[in-house]
Amino acid sequence: MFNRRELALLRAMFRHATVTAAAASVNMTQPAASALLRDLETRLGFALFTRENRRLHLTSQGRSLIPEVLHALDGIEAVDRLASDIRQGAQTRLAVGAVAIAASSLLPAALRAMRQAHPDVVVTVRAGTALDIVEMALDHRVDLGVIVGAPTDKQNVASHSLGPLSLHAVMRPDHPWATRRGLTLAQVTQAGPIVLATALPAGRATREAIEALGLTYRPIVEVAQSSAACALAADDCATSTIGR
């Protein structure tokens, strides 16, 4: 239903918010872009954008559709890049998927070592949730994935443990506990920590570790990413306990 030109125009309209700017970014005239959008909306049977004060605003239908438009165009452009790399001789590629905490803590050192050993390999890193990473592995969008915890789909994917999950307390350098030795999970728990949400494997492990000590799980904040927990701790909101 969509061709590449239409996808590119929709992405440009989403990014630039005016037909004139969007058309210029994809080397089209404004009348041609407007006509293409009208034809596309006629085929779809619903409007993608409304115009207010000459600016474009996504309709509810457009908001539902635009993420897939962006994803589809990213996929097409990735194929183009791969074909270009192959033409230029960079035939060896490694696609790695990783959850956010692994991408920030484990991958940099691992990829640095790999690049030193294999400088001709082209590496692509894709981020997502653990479920996203498993799905990427299943449909061959990544060669391997790094997640926290064991995959739930054990029938279709193989997995290997890279290391144990540890808990770290993160705090400002001037925090009273910063120079303290022998800090316990019980002490952090009683102080009211910031933790990763229990929907995440690391957050779930944190809760299980706390409750295994017979303590009440009562964080002051739950977050979806370790970077958010660290930022809150740096702003002196609380000590942050994160899984890693």
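Which one is modelled with the lowest pLDDT among residues in region 186-244 that are surrounded by fewer than 16 Cβ atoms within 10 Å (Cβ to Cβ) and under 16 Å from Ala102 (Cβ atoms)?
Filtering region 186-244 for residues that are surrounded by fewer than 16 Cβ atoms within 10 Å (Cβ to Cβ) and under 16 Å from Ala102 (Cβ atoms), the one modelled with the lowest pLDDT comes out as Ser227.
Among the numbered criteria (1) outside any strand (DSSP E or B); (2) within 26 Å of the chain's Cα centre (by Cα), which single criterion is violated by Ala169?
It is condition (1) that Ala169 fails.
Hey, any hits in region 29-43 for a residue that's touching a residue at least 40 places away in the same chain (Cβ under 8 Å), within 16 Å of Arg4 (Cα to Cα) and not in a loop (DSSP other than H, G, I, E, B)?
Among the residues of region 29-43, at least one is touching a residue at least 40 places away in the same chain (Cβ under 8 Å), within 16 Å of Arg4 (Cα to Cα) and not in a loop (DSSP other than H, G, I, E, B), which makes the answer yes.
Only one residue in Ser64, Ser104 is among the small types (Gly, Ala, Ser) and either within 30 Å of Gly149 (Cβ to Cβ) or touching a His at 6+ places or on another chain (Cβ under 6 Å) (or both), so which one is that?
Ser104
Pull up region 99-121, narrow it to residues that are surrounded by fewer than 14 Cβ atoms within 10 Å (Cβ to Cβ) and aliphatic (A, V, I, L, M), then point me to the one that is farthest from Ser159 (Cα to Cα).
This residue is Ala117.
Would you check which residues across region 39-67 are more than 19 Å from Ala8 (Cβ to Cβ) and surrounded by 14 or more Cβ atoms within 10 Å (Cβ to Cβ) and list them?
Hits for region 39-67 are Ala47, Thr59, Gln61.
Applying the selection to region 120-129, what residues are of a type in the set (A, V, I, L, M, F, W, C) and over 15 Å from Ser104 (Cα atoms)?
Val121, Val122, Val123
Residues that are modelled with pLDDT under 85, in a loop (DSSP other than H, G, I, E, B) and among the hydroxyl-bearing types (Ser, Thr, Tyr): does region 97-111 have at least one?
No, there is no match, as no residue in region 97-111 is modelled with pLDDT under 85, in a loop (DSSP other than H, G, I, E, B) and among the hydroxyl-bearing types (Ser, Thr, Tyr).
Picking from Val157, Val148, Val170, which residue would you name as being touching a Ser or Thr at 6+ places or on another chain (Cβ under 6 Å) and either closer than 30 Å to Gly192 by Cα or at pLDDT below 85 (or both)?
Result of the check over Val157, Val148, Val170: Val170.
The values are calculated or read from the model by the stated rules, or taken from the named source; none is laboratory data. Computed from a predicted structure; not experimentally measured. So basically every Cβ, Gly included, is an ideal-geometry build from the backbone, and we count neighbours across all protein chains shown.
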